[in-house]
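Read-outs: derived from the displayed coordinates by stated rules, not from any lab. Model, not experiment: these values are computed from the prediction. Every residue, glycine as well, gets a Cβ built from its backbone with ideal geometry; the counts of neighbours run over all protein chains shown.
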């Protein structure tokens with residue numbers, strides 16, 4: 001589903017956020033980490049706090065994925081998130 005022309009970056013981001021939950025198939029763990037990292041960068045900015053310990057594998061992966069987006073502006077993260085959702089919709093339905 002294409003977004004309307006003239007929509008703000010935030011509008012496109014919010015539309016993508018709503019559409020991601022309606023995919024026919026579940027994204028892979030790597031795809032989910034990518035979505036998570038871009039979402040956090042778009043909504044909170046650069047990663048904060050310390051990296052979770054070695055026993056918290058999921059928390060550590062999420063932290064590392066978000067840290068990998070450090071320096072990306074909130075608007076750019078929103079654009080990349082919306083683009084990733086469109087790619088996943090094409091792949092997963």
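Can you give me the relative contact order of region 9-92 as a percent, contacts being Cα pairs under 8 Å and 6 or more apart?
Details: 93 pairs, mean separation 39.3, N = 84.
Relative contact order for region 9-92 comes out at 47 percent.
What is the fewest-to-most order of 26, 19 by other Cβ atoms lying within 10 Å of their Cβ?
Ordered from fewest to most neighbouring Cβ atoms within 10 Å, 26, 19 come out as 26, 19.
Determine, for 87, 12, the number of other Cβ atoms within 10 Å of each Cβ, and report the residues in order from fewest to most.
Listing 87, 12 from fewest to most nearby Cβ atoms yields 87, 12.
Quick check on the chain: what does the Kirkwood estimate of hydrodynamic radius come out to from the alpha carbon pairs, in Å?
In the chain this quantity evaluates to 13.8 Å.
If r is the Cβ-Cβ distance from residue 57 to residue 11 and R0 is 35 Å, what FRET efficiency results, to the nearest 0.05?
It comes to 0.50.
Can you give the calculated 222 nm mean residue ellipticity of the chain, where each DSSP H run of n ≥ 4 adds -39,500 (n - 2.57) and the sum is split over every residue, rounded to the nearest 500 deg cm²/dmol?
Per the formula, -20500 deg cm²/dmol.
Using Cβ counts within 10 Å as a stand-in for footprinting exposure, how do 85, 47, 9 rank, fewest first? Present the calculation step by step, with values, prior to reporting the outcome.
On the way: 85 22, 47 19, 9 16.
In increasing order of surrounding Cβ atoms, one gets 9, 47, 85.
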